[in-house]
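Below is one structure, written out as structure tokens; the observations come after it.
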Amino acid sequence: MAKTNPGRFFEDYTVGQTIAHAVPRTIKMGERALYHMLYPARHALYSSDQFAQGCGLPFSPLDDMIAFHVVFGKTVPDVSLNAVANLGYAEGRWITPVWPGDTLRSVSEVIGVKQNSNGKTGVVWVRTTGLNQHDETVLEYVRWVMVRKRDPGAPALETHVPELREAVAAEDLVIPRGLDFTQYDFTLAGEPHRWGDYAVGERIDHVDGVTIEEAEHMMATRLWQNTAKVHFDTSARPDGSRLIYGGHVISIARALSFNGLANAQMVVGLNGGAHANPCLAGDTVRAWSEVLDKAETAAPGIGALRLRLVATKGGEPFALRDANGKYLPEVLLDLDYWALVPL
């Protein structure tokens, strides 16, 4: 029997299947230092113990996207090692903050499968849960991924496409215990804009750009232990390029959004997302946002903004789709999320 793992192919998934992913990972301040080195991340709650304590927390938690990357990375060998592309996200919630020293692991349930018409690939939907050392849920989300078939001639699996909510309801967002923005320091945070300063339909050009370097992408993908072949192996794609990990683009765009959304301190919900077009080394990523919805919360001084975050590799700000409703070729990411903002 072979001792190596070639990864799962489309026909290896069945609806209802549960996959416990290896290997648990203890996260410390090194991950924060590397995260802030790789991305222009400046949100104050994740940068300063003093600022976090002023917001009612014992000290600064690790960035919400660190939790996402680590939980996601655990799933790759079992879900997307043989992927063609990661397609989208839904029903994501950050439940418990991640503190330095926490150990994270991931478990996924297969909730849908659908073979593509070409017979060579299929789409698999999984619901992933990230857990800490206390078996507390840190993060949960659904994603769907296009996976190669081992045998294109194999019979198609019975199609089951899950019904997913359009958005996480505001009342289902989880506010970290103790978080309180009533004494929020806008000067230290970097911008004066409160929840009430944003209007539904408002669009924000985040102005800045970051050119993606091959070396930084490779470092990030190794940091998150993402082993998908399309990110490492130039023979895995017909054009010989290495596809930039979609989460890398998410973190760059989130960091760029600081300019205009510096007070959107915590990401607590992931309503949907699409990696619209491939991103390659040398692309310069820019970002813009649109306010989709607003909600007050029961937590002191805290409101929630539902935001669309769009990352592009060129083109005019606020351009998203063509006349036929297809994403423009320069659009890399279309992400719909909830963030916590001071009232």
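Can you report the number of residues in the range 171-193 which are within 30 Å of THR284 (Cα to Cα), of a type in the set (A, V, I, L, M) and open to solvent by less than 40 Å² (accessible area, probe 1.4 Å)?
Residues that pass the stated criteria total 1.
Being surrounded by fewer than 22 Cβ atoms within 10 Å (Cβ to Cβ), among the basic types (Lys, Arg) and at pLDDT 95 or above is the requirement here; does ARG286 meet it? Before the answer, list the steps.
On the way: surrounded by fewer than 22 Cβ atoms within 10 Å (Cβ to Cβ): no; among the basic types (Lys, Arg): yes; at pLDDT 95 or above: yes.
The answer is no for ARG286.
If LYS149 satisfies every condition in (1) open to solvent by 30 Å² or more (accessible area, probe 1.4 Å); (2) over 26 Å from MET266 (Cα atoms); (3) touching a Ser or Thr at 6+ places or on another chain (Cβ under 7 Å) but one, which is the exception?
(1)
Return a yes/no flag: does the range 86-106 have any residue that is acidic (Asp, Glu), under 17 Å from TRP144 (Cβ atoms), at pLDDT 95 or above and open to solvent by 40 Å² or more (accessible area, probe 1.4 Å).
Going through the range 86-106, the residues acidic (Asp, Glu) turn out to be 91, 102.
Narrowing further to those that are under 17 Å from TRP144 (Cβ atoms): 91.
When the remaining residues are screened for being at pLDDT 95 or above, the result is 91.
Subset that is open to solvent by 40 Å² or more (accessible area, probe 1.4 Å): none.
No, the range 86-106 contains no residue that is acidic (Asp, Glu), under 17 Å from TRP144 (Cβ atoms), at pLDDT 95 or above and open to solvent by 40 Å² or more (accessible area, probe 1.4 Å).
Considering only residues that are assigned to a strand (DSSP E or B) and surrounded by fewer than 17 Cβ atoms within 10 Å (Cβ to Cβ), look in the range 295-304 and name the one that is nearest to the chain's Cα centre (by Cα). Let's see the steps before the verdict.
Filtering the range 295-304 for residues assigned to a strand (DSSP E or B) gives 295-296, 302-304.
Narrowing the set further to residues that are surrounded by fewer than 17 Cβ atoms within 10 Å (Cβ to Cβ) leaves 295-296.
Working: ALA295: 22, GLU296: 24 Å.
Among those that are assigned to a strand (DSSP E or B) and surrounded by fewer than 17 Cβ atoms within 10 Å (Cβ to Cβ), it is ALA295.
Considering only the range 99-128, state which residues are more than 18 Å from LEU87 (Cα to Cα) and polar (S, T, N, Q).
The answer is THR103, SER106.
Only one of these conditions is not met by GLY7: (1) touching a residue at least 12 places away in the same chain (Cβ under 8 Å); (2) open to solvent by 40 Å² or more (accessible area, probe 1.4 Å). Which number is it?
That leaves (2) as the condition not met.
Can you list the helices (runs of 4 or more DSSP H) found entirely within the range 17-91 that contain at least 3 residues being in contact (Cβ under 8 Å) with a residue 12 or more places away in the chain and over 23 Å from PHE186 (Cβ atoms)?
Numbers: elements: 29-38, 49-54, 64-79.
Filter on the range 17-91 gives 29-38, 64-79.
Can you tell me which residues in the range 323-337 are among the hydrophobic types (A, V, I, L, M, F, W, C) and either at pLDDT below 95 or open to solvent by 30 Å² or more (accessible area, probe 1.4 Å) (or both)? Walk me through it before giving the result.
Within the range 323-337, the subset among the hydrophobic types (A, V, I, L, M, F, W, C) is 323, 328, 331-333, 335.
Selection gives ALA323, LEU328.
Answer with yes or no whether GLY314 is farther than 29 Å from ILE27 by Cβ, in contact with a helix residue (DSSP H, G or I) (Cβ under 9 Å, 6 or more places away or on another chain) and either surrounded by fewer than 21 Cβ atoms within 10 Å (Cβ to Cβ) or of a type in the set (Asp, Glu) (or both). Before you say what the answer is, go through the steps one by one.
On the way: farther than 29 Å from ILE27 by Cβ: yes; in contact with a helix residue (DSSP H, G or I) (Cβ under 9 Å, 6 or more places away or on another chain): no; either surrounded by fewer than 21 Cβ atoms within 10 Å (Cβ to Cβ) or of a type in the set (Asp, Glu) (or both): yes.
Criteria not met by GLY314.
Looking at the range 194-219, which of its residues are assigned to a loop (DSSP other than H, G, I, E, B), open to solvent by less than 70 Å² (accessible area, probe 1.4 Å) and of a type outside the set (A, V, I, L, M)?
We begin by selecting, within the range 194-219, every residue assigned to a loop (DSSP other than H, G, I, E, B); these are 194, 198-202, 212-213.
Add one more test, that the residue is open to solvent by less than 70 Å² (accessible area, probe 1.4 Å), and what stays is 198-199, 201-202, 212.
Across the range 194-219, the qualifying residues are TYR198, GLY201, GLU202.
All but one of (1) of a type outside the set (D, E, K, R); (2) closer than 22 Å to PRO61 by Cα; (3) crowded, with 23+ Cβ neighbours inside 10 Å; (4) under 16 Å from the mean Cα position of the chain (by Cα) hold for GLY247, so report the exception by its number.
(3)
I'd like to verify a number: residues in the range 110-160 that are of a type in the set (Asp, Glu) and part of a strand (DSSP E or B), how many?
Quick first cut of the range 110-160, residues of a type in the set (Asp, Glu) only: 135-136, 140, 151, 158.
Right, trim to part of a strand (DSSP E or B) and you get 140.
Residues in the range 110-160 being of a type in the set (Asp, Glu) and part of a strand (DSSP E or B): 1 in total.
Identify all residues within the range 322-339 that are out of contact with any helix residue (DSSP H, G or I) (no Cβ under 9 Å at 6 or more places or on another chain) and either outside any loop (DSSP other than H, G, I, E, B) or not small (Gly, Ala, Ser) (or both); write none if there are none. Steps first, answer last, please.
Just the residues of the range 322-339 that are out of contact with any helix residue (DSSP H, G or I) (no Cβ under 9 Å at 6 or more places or on another chain), to begin with: 322-331, 334, 336.
Matches in the range 322-339: ASP322, ASN324, LYS326, TYR327, LEU328, PRO329, GLU330, VAL331, ASP334, ASP336.
Across the range 25-59, what is the number of residues that are within 20 Å of the chain's Cα centre (by Cα) and surrounded by 14 or more Cβ atoms within 10 Å (Cβ to Cβ)?
Residues that pass the stated criteria total 17.
Inside the range 226-266, counting only helices (runs of 4 or more DSSP H) that do not spill past its ends, which hold 2 or more residues that are at pLDDT 95 or above and under 30 Å from ASP49 (Cβ atoms)?
Working: elements: 229-232, 246-256, 258-261.
The helices (runs of 4 or more DSSP H) meeting that bar are 246-256, 258-261.
In the list LEU307, LEU320, LEU340, which residue meets the criterion of being open to solvent by less than 50 Å² (accessible area, probe 1.4 Å) and closer than 21 Å to GLN183 by Cα? Before you say what the answer is, go through the steps one by one.
On the way: LEU307 fails: closer than 21 Å to GLN183 by Cα; LEU320 fails: closer than 21 Å to GLN183 by Cα.
Only one candidate qualifies: LEU340.
Which of the numbered conditions does GLU171 fail, given that it passes all the others? Conditions: (1) in contact with a helix residue (DSSP H, G or I) (Cβ under 7 Å, 6 or more places away or on another chain); (2) assigned to a helix (DSSP H, G or I).
GLU171 satisfies all of (1) in contact with a helix residue (DSSP H, G or I) (Cβ under 7 Å, 6 or more places away or on another chain); (2) assigned to a helix (DSSP H, G or I) except (1).
The values are calculated or read from the model by the stated rules, or taken from the named source; none is laboratory data. Everything quoted here is computed from the prediction, not taken from an experiment. So basically every Cβ, Gly included, is an ideal-geometry build from the backbone, and we count neighbours across all protein chains shown. Calculation scope for accessible area: heavy atoms of the full protein, side chains included, ligands and nucleic acids excluded. Shrake-Rupley method; radii C 1.70, N 1.55, O 1.52, S 1.80 Å.
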